[in-house]
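**Student:** Have a look at this one before I ask anything.
The values are calculated or read from the model by the stated rules, or taken from the named source; none is laboratory data. None of these values were measured; they are calculated from a predicted model. Cβ placement follows ideal geometry from the backbone for every residue including glycine, while neighbour counts extend to all protein chains displayed.
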Amino acid sequence: MMIAADTSPPFPPERAERYLREGLWSGETLGDALRAAAATHGDRTALVTADARYTYRELDEATERFAAGVLAATPLEPGDRVMFQMGNVAETVVAYYGAIKAGLVPVCTLPQHGEREIEQLATHVEARGHIVQGDLRSGALVESAQRLTTAIEGLDTVIVARDAAPAGTHGFETLVEAGTAPNAHALLPTIDPAGLVVFQLSGGTTGLPKVAPRRHREYLYNARAWAQALELTPDDVVLHPLPIMHNAGTSAALQPAHLCGATCIVAPGAEAGAVLDLVARERVTTIPVVPPAVAIRLLDQLEIRPADLSSLRRFYVGGQKPTVELMVRLETALGIPAQQMFGMAEGMFLLTPPDADPWVRLHTVGTPISPADEVRVLDVVDEVEVPDGELGELACRGPYTINGYHRAERHNATAFTSDGFYRTGDLVTRHVVDGRPYYSIDGRIKDVINRGAEKIHADELEEVLATHPGVRNAAVVAMPDEVLGERVCAYLIPTPGAGQLTVETVAQFLLGSGVAKFKLPERIEVVPTFPLTNIGKVSKKDLRADIERKLEDEKVLA
Ligand code: AMP
């Protein structure tokens, strides 16, 4: 079996040399960093989940055993890619770090992804392994993983955590046990710090989620830069209530905490009451990424019942633009500066400093977390920078921003500028306040719906909708939502004589086609034609205006 070659765009040598020379990158791998943290902070609590607690020593040992066991007892070899469909449980963290120590490359998919998405992504990254959480969705992930081994050439290893492993698959616990065999540890490879560490899924700008190739030394630096920006210490307790395999989970919560000897709480979900209970019980100090929808629910819950938030020192709203009213409400309720973050799987993060001017805290996502991050605000059609205070496309480059997506040469040619700046598809304005640049997010040019910080690509849904026998043409747009920010609205032109197209029938069809549930349209508008732009393309701007108007009218009538 051939191990897939690392063909992802590397960093240009002159920049790589600079980051090494400036001490931003080191010769360490992510596995080395965890080992070093365990050597320094052995007895401190590293990880808390709903049903497990690990000290640094225990986490290091468990991940070492999983790494050795997976190489000893499965066909997987260093360099192989492994799809992850695991929720917020301890086994996810052990398998994630363990796979990395074994030289495997976790592909950060989610349990929520549908079989179609997993199949396309697994094929794209030439995955050989698939690890699933057996006790989710009544075992459906196990069945799906087994089906995919026959559908995808080269995918031959299924690992099942938290449930019995059917014949032909490998149990997570069995692998951890296999890692204790006398010579298993000798199988652990020497890992190149310049090599791939994970494949993250990007919200991207078009099509199926793009695959962001992250490498040990830049990913490690990304976590260090976060830890420094947050000023984390071993006494900190960092809570992540969203999917931990998201880039925000690994880069902004798990890894920064573990570089510093802090505790990371991987919460099973973002339900407001449970999050508030955790903050009080575990004396949480830091919640690095809170989508506006979650912040709203927390505030609503706080109005119903008090909660002990006295330990909380940092709370960042991000992933999606919050309203100023929400930020003001948060400052009042939490009694700490309400801060914002902006992030993406491609790399660069921005944060508002706690001591920034109140206007900056309320209106901007702050400034990049690393002084080596380079930001340009570009004219949307060429590579010219627009003046401060004017709207343009956010573009970035730096010591932890990728130089290109995996196997996407054509897309890379337009998604990156000629000198390697990633064009994010986000519209921003640079504001210089007291001599420092801060950025406000003021729009988007990419055709993506941001539903509570989960990204949904319009063209991906349109492609599947177009295969519906009753649909002649489909156009998917965002409709505003007070809580989730945006939801999906599908405009459909029916084929003559087609049956009824409703939210329910369309959902059934999309689920049957292997589309993830969180991407389903929550409103269907059946129309005879689409409005067109002056160059004959479907005018999404007009469709968005149409649905906004309808929602306003309905509010008035209600
Ligand atoms: P992802 O790669 O899924 O993390 O998505 C990254 C995208 O999320 C960015 O390019 C933005 O479109 C959006 N995003 C992230 N943080 C914010 C924020 N604070 N405000 C507005 N949009 C955001």
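**Student:** Among the residues in region 155-163, are any out of contact with any Pro (no Cβ under 7 Å at 6 or more places or on another chain) and surrounded by fewer than 20 Cβ atoms within 10 Å (Cβ to Cβ)?
**Tutor:** Taking every residue of region 155-163 in turn, at least one turns out to be out of contact with any Pro (no Cβ under 7 Å at 6 or more places or on another chain) and surrounded by fewer than 20 Cβ atoms within 10 Å (Cβ to Cβ).
**Student:** Moving on to the next point. Given region 165-273, what strands (runs of 3 or more DSSP E) lie entirely inside it while holding 2 or more residues that are over 25 Å from L20 (Cβ atoms) and modelled with pLDDT of 95 or more?
**Tutor:** It comes to 237-240, 263-266.
**Student:** Test of understanding: among A253, A194, which residue is under 29 Å from V158 (Cα atoms), of a type in the set (G, A, S) and in contact (Cβ under 8 Å) with a residue 40 or more places away in the chain?
**Tutor:** A194
**Student:** Is one or more of the residues making up region 527-536 within 22 Å of L121 (Cβ to Cβ) and in a loop (DSSP other than H, G, I, E, B)?
**Tutor:** Keep residues of region 527-536 that are within 22 Å of L121 (Cβ to Cβ), which gives none.
Within region 527-536, none of the residues are within 22 Å of L121 (Cβ to Cβ) and in a loop (DSSP other than H, G, I, E, B).
**Student:** Moving on to the next point. When the residues of region 505-526 are narrowed to those that are touching a residue at least 40 places away in the same chain (Cβ under 8 Å) and assigned to a helix (DSSP H, G or I), which ends up surrounded by the fewest Cβ atoms within 10 Å (Cβ to Cβ)?
**Tutor:** K517
**Student:** Looking for whichever is under 17 Å from the mean Cα position of the chain (by Cα) and buried (at least 16 other Cβ atoms within 10 Å of the Cβ) here; the options are V290, V275, V279, V365. Which one fits?
**Tutor:** The unique qualifying residue is V290.
**Student:** When you scan region 274-289, how many residues do you find that are more than 16 Å from the ligand (Cβ to nearest atom) and not in a helix (DSSP H, G or I)?
**Tutor:** Summing the residues that are more than 16 Å from the ligand (Cβ to nearest atom) and not in a helix (DSSP H, G or I) in region 274-289 gives 4.
**Student:** Now a separate question. Can you find, within region 449-505, the residue that is nearest to the ligand (Cβ to nearest atom) among those that are of a type in the set (S, T, Y) and out of contact with any Asp or Glu (no Cβ under 9 Å at 6 or more places or on another chain)? Reasoning before the result, please.
**Tutor:** Start the filter on region 449-505 by keeping residues that are of a type in the set (S, T, Y), which leaves 467, 491, 495, 502, 505.
Narrowing the set further to residues that are out of contact with any Asp or Glu (no Cβ under 9 Å at 6 or more places or on another chain) leaves 467, 495, 502, 505.
Values: T467: 26, T495: 34, T502: 29, T505: 29 Å.
Restricting to residues being of a type in the set (S, T, Y) and out of contact with any Asp or Glu (no Cβ under 9 Å at 6 or more places or on another chain), the top hit is T467.
**Student:** In this structure, is V238 crowded, with 23+ Cβ neighbours inside 10 Å and farther than 20 Å from D308 by Cβ?
**Tutor:** So V238 does not fit the description; no.
**Student:** Moving to a separate point now. Need a quick list: strands (runs of 3 or more DSSP E) entirely within region 31-97 having at least 2 residues that are within 21 Å of the chain's Cα centre (by Cα) and assigned by TED's automatic domain parsing to the domain that holds R116.
**Tutor:** Passing ranges, in order: 45-49, 81-85.
**Student:** Could you list, ordered by first residue, the pairs with Cβ atoms under 6 Å in which the first is in region 440-451 and touching a residue at least 12 places away in the same chain (Cβ under 8 Å) and at positive phi and the second is surrounded by fewer than 19 Cβ atoms within 10 Å (Cβ to Cβ) and not in a loop (DSSP other than H, G, I, E, B), at least 6 apart or interchain?
**Tutor:** If the second residue must be surrounded by fewer than 19 Cβ atoms within 10 Å (Cβ to Cβ) and not in a loop (DSSP other than H, G, I, E, B), the pairs left are G443/L427.
**Student:** Residue check, A475 against (1) crowded, with 20+ Cβ neighbours inside 10 Å; (2) touching a Pro at 6+ places or on another chain (Cβ under 8 Å); (3) not charged (D, E, K, R), all met but one. Which one?
**Tutor:** Only one criterion in (1) crowded, with 20+ Cβ neighbours inside 10 Å; (2) touching a Pro at 6+ places or on another chain (Cβ under 8 Å); (3) not charged (D, E, K, R) is unmet by A475, namely (2).
**Student:** Starting from residues that are farther than 14 Å from E77 by Cβ, hydrophobic (A, V, I, L, M, F, W, C) and in contact with a helix residue (DSSP H, G or I) (Cβ under 7 Å, 6 or more places away or on another chain), keep the ones in region 169-197 and report whichever is surrounded by the fewest Cβ atoms within 10 Å (Cβ to Cβ).
**Tutor:** A181
**Student:** If I go through region 402-438 residue by residue, how many of them are outside any strand (DSSP E or B), within 21 Å of H457 (Cβ to Cβ) and either touching a residue at least 24 places away in the same chain (Cβ under 8 Å) or touching a helix residue (DSSP H, G or I) at 6+ places or on another chain (Cβ under 9 Å) (or both)? Working first, answer last.
**Tutor:** Keep residues of region 402-438 that are outside any strand (DSSP E or B), which gives 402-415, 417-421, 434-435.
Checking the rest, the ones that are also within 21 Å of H457 (Cβ to Cβ) come to 402, 404-415.
With the extra rule that they be either touching a residue at least 24 places away in the same chain (Cβ under 8 Å) or touching a helix residue (DSSP H, G or I) at 6+ places or on another chain (Cβ under 9 Å) (or both), the set shrinks to 402, 404-408, 411-412, 415.
Within region 402-438, residues that are outside any strand (DSSP E or B), within 21 Å of H457 (Cβ to Cβ) and either touching a residue at least 24 places away in the same chain (Cβ under 8 Å) or touching a helix residue (DSSP H, G or I) at 6+ places or on another chain (Cβ under 9 Å) (or both) number 9.
**Student:** When you scan region 338-390 for strands (runs of 3 or more DSSP E) that lie fully inside it, which ones turn up with 3 or more residues that are in contact (Cβ under 8 Å) with a residue 40 or more places away in the chain and away from the ligand (no atom under 14 Å from the Cβ)? If you could, list the steps in order and put the result at the bottom.
**Tutor:** On the way: elements: 339-344, 347-351, 374-378.
The strands (runs of 3 or more DSSP E) meeting that bar are 374-378.
**Student:** Can you tell me which residue is nearest to E282 (Cα to Cα) among those in region 302-323 that are within 26 Å of the chain's Cα centre (by Cα) and away from the ligand (no atom under 13 Å from the Cβ)?
**Tutor:** Restricting attention to region 302-323, the residues satisfying the condition of being within 26 Å of the chain's Cα centre (by Cα) are 312-323.
With the extra rule that they be away from the ligand (no atom under 13 Å from the Cβ), the set shrinks to 312-315.
On the way: L312: 11, R313: 13, R314: 15, F315: 15 Å.
Once the filter is applied, the top-ranked residue is L312.
**Student:** Which residue pairs have Cβ atoms under 7 Å apart, sit 6 or more places apart or on different chains, and have a first residue in region 123-144 that is surrounded by fewer than 19 Cβ atoms within 10 Å (Cβ to Cβ) and a second that is at pLDDT 95 or above and part of a helix (DSSP H, G or I)?
**Tutor:** Correct list of pairs: empty, since none qualify.
**Student:** For A50, all conditions in the list (1) free of Cβ contacts under 8 Å to residues at least 40 places away in the same chain; (2) surrounded by fewer than 22 Cβ atoms within 10 Å (Cβ to Cβ) hold save one; what is the number of the exception?
**Tutor:** (1)
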